[in-house]
1. Output the helices (runs of 4 or more DSSP H) that fall wholly within the range 23-135 and possess 1 or more residues being more than 24 Å from the chain's Cα centre (by Cα) and of a type outside the set (A, V, I, L, M), or say none.
2. Here's a check for you: in the range 220-254, which residue that is of a type in the set (A, V, I, L, M, F, W, C) and without any contact (Cβ under 8 Å) to a residue 60 or more places away in the chain is surrounded by the fewest Cβ atoms within 10 Å (Cβ to Cβ)?
3. Being surrounded by 14 or more Cβ atoms within 10 Å (Cβ to Cβ) and among the aromatic types (Phe, Trp, Tyr) is the filter here, so list the residues in the range 74-108 that pass it.
4. I'm told ILE113 meets every condition in (1) crowded, with 19+ Cβ neighbours inside 10 Å; (2) modelled with pLDDT under 95 except one. Can you identify the failing condition by its number?
5. Go through (1) modelled with pLDDT under 85; (2) under 19 Å from ILE175 (Cα atoms) for LEU254 and report which single condition fails.
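The values are calculated or read from the model by the stated rules, or taken from the named source; none is laboratory data. Source: prediction; values computed, not measured. Cβ placement follows ideal geometry from the backbone for every residue including glycine, while neighbour counts extend to all protein chains displayed.
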Amino acid sequence: MIRMGHNPALGSMRRASGQEVMGEGATYRGVALKTIYFASVALLSAVVVLIALYWALRPVFEAVSGGYSPDPSDVNRAMGLLAAVLVGGMVVGFIGMLGTFFARRLIPVFGTIYTIGQGAVMGVMSGFAELYVPGVVFAALLATFTVFAVMSVLFFTGIIQVGHRFRSVMRMVLISVLVFSLLYMLMIFIVPSLFVMFTNNPLWPLLSIGISVVMIVVASLMLLFDLSLIKEAVDNGLDKHYEWFGAFGLVVTLMWLYIEFLRLFLKLAALVGRRR
């Protein structure tokens, strides 16, 4: 068994709490229940947003399905609501994520805030993705849970061993992904002409699909990272508060994996459509 003193990640958890383990320790059941809680909050947020968007966009959909142009005021109102939900969801999610870093004892609160915001963003993305490619949301969900199940089996059966070196590499990879994503967004907003030049390249669809595949691989490996921290928290008998850490990290990775699968399937559908 790996002890606390040999695990820097868990060591930082204990230092963040400022106290040793007291009372009942963390359990897999506790982590599972808290994971279900965070996932349910995200799902509820997504459903509420989808219902609100449906009623806001209903006049536009009815006009399009009826074969005539929608009222510009309806379109403007719908687009304003859409932008507000997307920006608001990202801001709320960002605040929640910051809170989990700087107020670790309040992770149940800030984790809930994050899942509400991210759930809203996922609801918007899923709704429009489903309109574009019917069935793509189910496919992305199925792929996400399949990868999670496979990674869990590989990890808990010992087929894949996760050590300190693996965690160090994954931290570096995650930082690289974050830097790449930031530069990508800056390119879109600051140098849009450069972004247009890239996207107009005939090889861009294949390159974009390749990027999505890489992101999915990284997110899948991050599941192993999360599962290893959960296992060691349970094995070392950490305080039950750390169940929230494990559950939150796992849900964040699962949501990231779902979004990447959704993007990949949309890109594949677009590529197939172009070649027909």
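1. 28-65, 72-102
2. This residue is LEU221.
3. PHE94
4. With (1) crowded, with 19+ Cβ neighbours inside 10 Å; (2) modelled with pLDDT under 95 applied to ILE113, the lone miss is (2).
5. Single failed check for LEU254: (1).
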